[in-house]
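Written out below as structure tokens is the structure these notes cover.
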2 protein chains.
Amino acid sequence: MANQLTYNVAVVGATGAVGQQMIRLLEERNFPIKQLKLLASGRSAGKTVTFKGQEVVLEEATPESFAGVDFALFSAGGSVSKELAPHAVRHGAIVIDNTSAYRMDPDVPLVVPEVNMDAALAHKGIIANPNCSTIQMVAALKPLYDRFGIDRIIVSTYQAVSGAGQSAINELLDQSRDVLDGKEAECRVLPVGKLPVHHQIAFNAIPQIDVFTDNGFTYEEMKMVNETKKIFGDDTVQVSATCVRIPVVYGHSESVYVELKQDYDLNEVRALLENAPGVVVVDAPQEQQYPLATDATGKLDVFVGRLRRDLHHPRGLHMWIVSDNLLKGAAWNTVQIAEELIKARA
Amino acid sequence: MANQLTYNVAVVGATGAVGQQMIRLLEERNFPIKQLKLLASGRSAGKTVTFKGQEVVLEEATPESFAGVDFALFSAGGSVSKELAPHAVRHGAIVIDNTSAYRMDPDVPLVVPEVNMDAALAHKGIIANPNCSTIQMVAALKPLYDRFGIDRIIVSTYQAVSGAGQSAINELLDQSRDVLDGKEAECRVLPVGKLPVHHQIAFNAIPQIDVFTDNGFTYEEMKMVNETKKIFGDDTVQVSATCVRIPVVYGHSESVYVELKQDYDLNEVRALLENAPGVVVVDAPQEQQYPLATDATGKLDVFVGRLRRDLHHPRGLHMWIVSDNLLKGAAWNTVQIAEELIKARA
């Protein structure tokens with residue numbers, strides 16, 4: 001057997017909630033790394049991270065950081081991606097970008113490996129990772145889309161605070177402790193750090209993720225609408241979303257109603273999902289088994305349950321879709337794209 | 001001005017989460033009480049509760065407890081209502097029952113005062129209070145139902161643990177503390193106390209409220225389906241529900257998609273809701289104002305926001321409906337029915 005090829009990998013945003021998961025996955029999955037470069041902002045430069053028993057020193061991300069890099073995994077915010085991804089491409093790296101910077105760029109494929117890996121193979125240097133809430137939904141719906149077609153999707157989300165980063169995790173934990181202790185909860189981060197108004201997330205549900213657009217939907221909701229169309233390569237799929245932050249640390253849950261284009265048999269739907277890559281069916285209501293955010297935490301799969309026919313619409317189907325938003329929703333989908341690119345070359 | 005008539009009122013289930021709110025409301029609203037009788041199980045008999053500065057001793061609820069009672073407000077579980085409500089009626093009391101015991105009984109009106117107070121006036125001794133998640137939804141949809149008609153409703157709920165009683169509140173608070181302290185969370189109550197499997201609610205979302213029916217929906221979900229039809233007196237209204245418990249103590253939130261029968265103007269919808277009794281519109285997305293469970297706690301109203309047109313269906317409308325599940329969802333709706341009956345007699 002030939003020696004396995006190895007690659008120089010850069011992680012941009014190595015100190016963030018997603019960046020940390022990327023590093024952990026590269027280690028756990030024994031990604032074929034020649035050299036790992038951990039890039040962050042200037043104020044984190046010089047800190048060290050342990051990778052496979054070795055200390056790796058964080059470097060400040062600059063346009064010249066990417067010389068010799070094969071895969072550059074970005075998760076340091078949209079403005080960093082906008083600024084540095086073109087430099088990474090110039091140096092010959094394949095960029096897999098976890099921010100929203102390039103998602104709707106017609107020259108950039110938006111990829112969930114289980115759905116449209118073919119699009120990734122046609123990249124021009126940058127591949128975009130979809131929004132977390134979109135990824136888990138389309139991964140679960142893909143086998144139904146292929147078999148029956150999809151007319152419309154109405155989704156309400158139950159999203160974990162980790163989707164808003166480490167500061168939001170800290171806020172939920174701090175507020176929870178304060179409320180339990182009978183103190184006032186301090187609100188500084190959620191729903192959107194940069195906006196003026198902040199609401200308590202502990203023991204609450206906030207129907208705002210990202211800023212509002214003119215049509216009354218938030219950007220997070222519009223991401224689900226537009227990204228779903230782009231990933232399926234089908235502008236006719238109608239999505240309406242309500243995105244809600246709830247006091248969960250890890251794991252997004254989604255209540256999904258889907259109208260298929262054809263009549264369906266529920267047993268066939270279950271069988272299709274059971275055989276779908278990356279999807280695990282947890283659906284035994286009489287044993288009270290269904291996907292839960294706490295069970296999905298740390299897992300790479302998308303979990304699906306509460307499968308049931310709509311009571312009225314003959315092609316209507318309800319389901320409950322749960323996945324770890326930092327993993328399949330972000331870090332794992334990114335690393336998985338890199339793994340699949342390597343496999344496709346082999 | 002004539003002396004105001006006063007009434008003998010019994011609260012059955014006086015120690016429960018809802019019973020306590022009923023007593024508080026009777027006091028705060030200065031309900032015209034001649035004598036207040038607080039009834040509970042045998043093990044609570046002898047305890048005292050303060051009402052308007054007086055100690056009231058709890059008595060064990062028996063068939064003869066209702067002699068001379070004008071209004072008997074029940075919230076001690078369906079089996080207690082089944083057993084004792086007929087005795088209260090025999091003694092001449094009007095029963096307003098907060099349990100599910102009589103809700104679908106064709107001889108018992110199921111009442112939300114803002115929607116169908118006329119049904120309450122035609123009672124035969126027992127009036128049923130709908131399920132909490134139904135009440136707030138139909139109260140908000142009533143003006144739209146009257147003006148445009150409703151074809152279908154697809155609702156996903158974000159329900160507070162107080163809907164499952166004081167033991168569920170304690171469980172959420174205990175588990176939250178344990179998780180924050182890095183301890184294992186003990187699960188004994190939720191999702192359904194009497195069922196064998198319990199799941200962690202702290203920092204989680206449980207897509208099960210009440211037990212499952214054969215069609216894959218839970219009883220809680222089917223309550224929303226069937227009670228909505230009965231309250232509107234219209235079997236053609238199609239409801240599909242996904243009911244989810246989240247780590248919130250007080251206040252149910254609902255993501256509601258509704259398809260009206262006629263085209264609508266969003267400004268007219270807003271105006272109708274602003275003028276609807278018991279409904280408060282909180283809908284200024286650019287100022288990040290929308291209903292929140294924490295804001296609704298302790299309030300009697302139903303709060304509505306996130307009003308927006310569906311992106312695809314011309315008669316589709318999305319909204320976010322929040323109310324205190326122990327108040328409008330239970331204790332207040334019950335006391336309100338009694339108040340309205342008194343007004344109707346005057």
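The values are calculated or read from the model by the stated rules, or taken from the named source; none is laboratory data. The structure presented is a predicted model; accordingly, all values stated were derived computationally and were not measured. Note that we place each Cβ from the backbone using ideal geometry, even for glycine, and neighbour counts take in every protein chain shown.
Table: residues versus (1) more than 27 Å from B:T297 (Cα to Cα); (2) assigned by TED's automatic domain parsing to the domain that holds B:T334; (3) in contact (Cβ under 8 Å) with a residue 12 or more places away in the chain.
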position	(1), (2), (3)
B:G53	no, yes, no
B:G68	yes, yes, yes
B:G78	no, yes, yes
B:V95	no, yes, yes
B:N98	no, yes, yes
B:D107	yes, yes, yes
Could you grab the pairs with beta carbons closer than 8 Å, sequence gap of 6+ or different chains, first residue in the stretch A:303-320 and more than 9 Å from chain B (Cβ to nearest Cβ), second one acidic (D, E)? A:F303/A:D295; A:V304/A:D283; A:P314/A:D263; A:R315/A:D151; A:R315/A:E259; A:R315/A:D263; A:L317/A:E259; A:L317/A:D310
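Here's the yes/no breakdown for (1) more than 30 Å from B:T6 (Cα to Cα); (2) touching a Gly at 6+ places or on another chain (Cβ under 6 Å); (3) away from chain A (no Cβ under 14 Å); (4) free of Cβ contacts under 8 Å to residues at least 12 places away in the same chain:
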position	(1), (2), (3), (4)
B:D263	yes, no, yes, no
B:A271	yes, no, yes, yes
B:N275	yes, no, yes, no
B:V279	no, no, yes, no
B:Y290	yes, yes, no, no
B:D324	no, yes, no, no
B:L327	no, no, yes, no
Qualifying positions in the stretch A:171-198 - free of Cβ contacts under 8 Å to residues at least 12 places away in the same chain and not charged (D, E, K, R): A:L180, A:G182, A:P196, A:V197, A:H198
Can you go through A:V211, A:V225, A:V239, A:V248 and tell me which one is of a type outside the set (S, T, Y) and either more than 11 Å from chain B (Cβ to nearest Cβ) or under 26 Å from B:Y219 (Cα atoms) (or both)? A:V248
Looking only at residues in the stretch A:223-241 that are out of contact with any strand residue (DSSP E or B) (no Cβ under 7 Å at 6 or more places or on another chain) and in a helix (DSSP H, G or I), which one is farthest from A:P143 (Cα to Cα)? A:K223
Residues satisfying the stated conditions in the stretch B:327-346, i.e. within 14 Å of B:L26 (Cβ to Cβ) and outside any helix (DSSP H, G or I): none
If you scan the stretch A:283-294, which residues turn out to be of a type in the set (D, E, K, R) and either in a loop (DSSP other than H, G, I, E, B) or under 17 Å from the mean Cα position of the chain (by Cα) (or both)? A:D283
Check on A:A139, within 14 Å of another protein chain (Cβ to nearest Cβ) and crowded, with 22+ Cβ neighbours inside 10 Å: no
Has the stretch A:166-177 got any residue that is touching a strand residue (DSSP E or B) at 6+ places or on another chain (Cβ under 9 Å) and either within 30 Å of B:L317 (Cα to Cα) or surrounded by fewer than 24 Cβ atoms within 10 Å (Cβ to Cβ) (or both)? yes
Which condition does A:E339 not pass, out of (1) surrounded by fewer than 22 Cβ atoms within 10 Å (Cβ to Cβ); (2) out of contact with any Leu (no Cβ under 9 Å at 6 or more places or on another chain); (3) in the same structural domain as A:A139 (by TED's automatic domain parsing), if it passes all the others? (3)
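Hey, among A:G92, A:G68, which residue is touching a strand residue (DSSP E or B) at 6+ places or on another chain (Cβ under 8 Å), among the small types (G, A, S), more than 30 Å from A:V248 (Cβ to Cβ) and part of a loop (DSSP other than H, G, I, E, B)? Before you say what the answer is, go through the steps one by one.
Working: A:G92 fails: touching a strand residue (DSSP E or B) at 6+ places or on another chain (Cβ under 8 Å).
None of the others qualify; the one that does is A:G68.
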Out of all the residues in the stretch A:44-57, is one or more crowded, with 18+ Cβ neighbours inside 10 Å, farther than 23 Å from A:K328 by Cα and more than 20 Å from the chain's Cα centre (by Cα)? yes
